[in-house]
Every structure is written in structure tokens, then in C-alpha cells.
Amino acid sequence: LIAYLNGQFAPLNELNISVMDRGFLFGDGVYEMIPVYSRRPFRLDEHLARLTNSLAAIQLCNPYTQAQWRALVLDLVAKQSFADQSVYVQVTRGVAYPRNHAFPAGETVPTVFALADPLELPPARAYELGVAAVTTRDLRWQRCDIKAISLLANVLAKQQAVEAGAAETIMLRDGLMIEGAASNIFIVQQGVIYAPQTGEHMLAGITYELVIELAQSHGLPLVLGEVSEAMLRNADEVWLTSSSKEILPIVQLDGRVVGKGVPGPIYQAMISFYQNYKATVMRR
Ligand code: PLP
């Protein structure tokens, strides 16, 4: 595996960062995960725009232009031996001594790290039969719209899913369904798709935005707004979306069957719109 650190490409096991890196000490940084199919990054501009927003939100100067980011990602992709990849990009506020919460006084050089792993989508049976999810209280902070590397609450939430034998944990805050530990959530009730509108309590997923675009362009009824816990529990269909899972049907929630216990008709329509879209952009 060839990875990237601060201007250099090298085998992953040869790369090292300082223990004084603020990413390591404070989780002071942001990241992106970009899926790559047949060596072609999917929705790269959207991911880079979100990275720019995350950097601005934590007052970290973007170290590269969009063109430089593009070149970095494409170079990294070209260096791997496998064609379908998951590109991880992370920027931290760099190395500073002594340890101090406030931003370092002088110029700091951000630490830029990028890694391309083989993309491992869930197995076909997950799309065909659906997966299980559990719910938990959302313990995160108030700026979940920033794709921050400080992910402790997401880590703890995801572990609950693992321990319950489920694929994802859905986070609830003040009676509302927010999102998954590492995904966005859609529900369907009587043929209408519902999802939370973007805001400071959830990440605006690139896949979430694409699913909304596809619903609108294909004329599927869609309502963006508050989704209550009751709506989630009474839904005919529940889906999760993310760059590493695309769209997965959730057929069991906290041990109870969702709808008919199989991927529903609106899911079937949406996944085919998604696959067609993907095939079209990949052919360009
Ligand atoms: N919400 C959270 C908390 C995430 O970590 C992720 C991605 O991993 C998503 C939503 C989905 O975002 P995307 O579709 O951009 O992968």
C-alpha cells in the first residue's frame, strides 16, 4: 500500500508522525472518505468541497487548492495495484509543543495524510436481504456537520451495533432520528421518503445528497425535515447511506422487524436509480 504524508508518497509502514501532532493529542483535524470505482473517484468535487467546509469550520487554512487535492487523490489512486478503492484523506492542525488546547501561536504546518485501501462494499446478501440496526442516544457535540476526526462517540455507538450483531447504530437526540454512527438514515412511510434536513446535528453525506437528487429527478415523493423516533419505529422501510456502503436496507431495528422484514419497493427503485447513475458517470 502506497500512502501519502506531507508531500511524499511512500509505503504505509514507512510513514510516521510526531507524537506532538494535534490530531493525535486533541483529535484536532478533519477527514474525508472518497470511494473509487475502477480507479475513478466518485463525486470527488463534492468530497473536496465538504473538506474545504470542514477545514473552514475549524479555522484551519486549506493547505492545497482544489486542483492540488484532485492531483493528490488521482496520483494516490494510480499508485495502487487494485482498482476499487476507498481513499481516506486527513488534515490535522500539525505538530506543536508544548501541549496546549488553544491554537499554536506561530505558523503551524498542517499534517496531510492520505491512504487508499481496497474498497470493500458489503456482501450482495446485505443488499438483497437487508441488515439489522440498533438505536442509541446521540452523545456527540453540537457540530456534527463538521467531518471531524474526533470520533469517540461514533466509535462507542458503532461498538454497540457490533455487540448486538447489527450493522449500524442509529443515533437519537431529543426524540429525533439524527443519523447512523457512520451513515445517514432515510425512512419510507406510505410511499413517501423522509430524511432529516441538514443542520449542525448531522453530517451532510455525499451519498445522502445524491439519494435526494435521485429521488427528486425521478419524481419520488420526498420530505426533508424532522424525523421523529416514532416515525423511525413505524416506518415501512429504513435505509442507510454512506460512501462505503452506498444504500443498504435496514430490515430489523432494535430486534423488531421493519415493515415486511425485506427490502421494500421504494428501496428497490432507489438502488436501481443509484446503480444506473453510477454506471453512467463511470462511463463518461
Ligand atoms: N454520517 C456520519 C457520521 C458519517 O461518518 C458518514 C460517513 O462515513 C456519513 C454520515 C455518510 O456520509 P457519506 O455519504 O459522505 O459517506
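Read the figures in this text as sums done on the coordinates, not as results from a lab. Computed from a predicted structure; not experimentally measured. All Cβ positions, glycine included, derive from the backbone under ideal geometry; neighbour counts span all protein chains shown.
Which net charge results for the neighbourhood of Phe26, defined as the other residues with beta-carbon distances under 11 angstrom from its beta-carbon, given Lys and Arg at +1 and Asp and Glu at -1?
+1
Step through the residues of region 7-14 one at a time and calculate ³J(HN,Hα) from phi using the Karplus curve (6.51 cos²θ - 1.76 cosθ + 1.60, θ = phi - 60°), rounding each to whole Hz and writing x for Gly and Pro.
Values, residue by residue: x, 10, 9, 7, x, 3, 6, 9 Hz.
Restricting attention to region 14-53, which GluC sites (Glu not before Pro) occupy a DSSP loop and are surrounded by at most 15 other Cβ atoms within 10 Å?
Here no GluC sites (Glu not before Pro) fit, given the DSSP loop and packing criteria.
Calculate one ³J(HN,Hα) per residue across region 85-102 by plugging θ = phi - 60° into the Karplus curve 6.51 cos²θ - 1.76 cosθ + 1.60, and present them in order as whole Hz with x for glycine and proline.
For region 85-102, the Karplus curve yields 9, 10, 9, 9, 10, 9, 10, 10, 6, x, 9, 8, 9, x, 5, 7, 4, 4 Hz.
Amide H neighbours of Gly180 under 5 Å, counting only residues 5+ apart in sequence or on other chains, H built in-plane at 1.01 Å?
Sorted by chain and number, the residues that satisfy this are Met171, Ile185.
Across all directions of projection, what mean area in square nanometres is found for the Cα convex hull of the chain?
Details: hull surface 61.0 nm².
If I average the Cα hull's projected area over directions, I get 15.2 nm².
Across every pair of different alpha-carbon atoms, what Kirkwood hydrodynamic radius in Å does region 124-283 reach?
Roughly 15.6 Å, rounded to one decimal.
Give me the extension gain from Val109 to Glu226: residue separation times 0.36 nm, minus the current Cα-Cα distance, reported in nm with one decimal.
38.1 nm
Quick query: amide H of Val131 versus all other amide H atoms, modeled in the peptide plane; which residues come in under 5 Å with a sequence gap of 5 or more or a different chain?
Excluding prolines and chain starts, which carry no amide H, the hits are Ile250, Val251, Gln252.
What is the sum of charges, Lys and Arg at +1 and Asp and Glu at -1, for the other residues whose Cβ falls under 10 Å from the Cβ of Cys144?
Value of the local net charge: 0.
I want the local charge near Tyr37. Using Cβ-Cβ distances under 12 Å, sum +1 for each Lys or Arg and -1 for each Asp or Glu among the other residues.
Spelling it out: positives minus negatives among the neighbours equals +3.
I need Glu246, Glu213, Glu179 ordered by Cβ neighbour count within 10 Å, fewest first.
Lowest count first: Glu213, Glu246, Glu179.
From the helices alone, meaning DSSP H stretches of at least four residues, give me the mean residue ellipticity at 222 nm for the chain, per-run term -39500 (n - 2.57), in deg cm²/dmol to the nearest 500.
About -9000 deg cm²/dmol.
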